[in-house]
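The block underneath contains the structure these notes are about, expressed in structure tokens.
Read the figures in this text as sums done on the coordinates, not as results from a lab. This is a predicted model, so every value here is computed, not measured. FYI the Cβ positions are ideal-geometry reconstructions off the backbone, even for glycines, and counts take in every protein chain you see.
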Amino acid sequence: MFTFTRHPFGGGRCRWDSETDNHVRVNPSIRRTVRRATVKIAERLAGAPLHLLSRDAGISSSTPDRTRPMPLMASFESWMRLLHVNLPGLTHLPQDLFPEFKAASVMIVDMA
């Protein structure tokens, strides 16, 4: 299992012993960071199948004060930012890790 996240991790916040081995920090809106992250994961797997991928690198529509408006109340700019960050992550990660997915019955969990 690997988790992709936009936020820093470490400091004992993860319950798994292999905290830094299984978490990868990535900005899904920047293609080169996604590619670097997937290359790292493929190297760590060394041909082993990938069974679970958790994508916690997305964003949700929220205002500067961190409230979350109803979707129909969000500004056009907010929606465009949301799509620009979230949509590439939905496609690039599975594309880049397709050989590892193909070797297993993979489950992908998406969170924003």
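Odds and ends about this structure:
- Taking other Cβ atoms within 10 Å as a rough exposure proxy, VAL106, VAL26 sort from fewest to most as VAL106, VAL26.
- Taking LEU52, LEU93, LEU72 and counting other C-beta atoms within 10 Å, the order from fewest to most: LEU72, LEU52, LEU93
- Neighbour-count order for ILE108, ILE59, fewest beta carbons within 10 angstrom listed first: ILE108, ILE59
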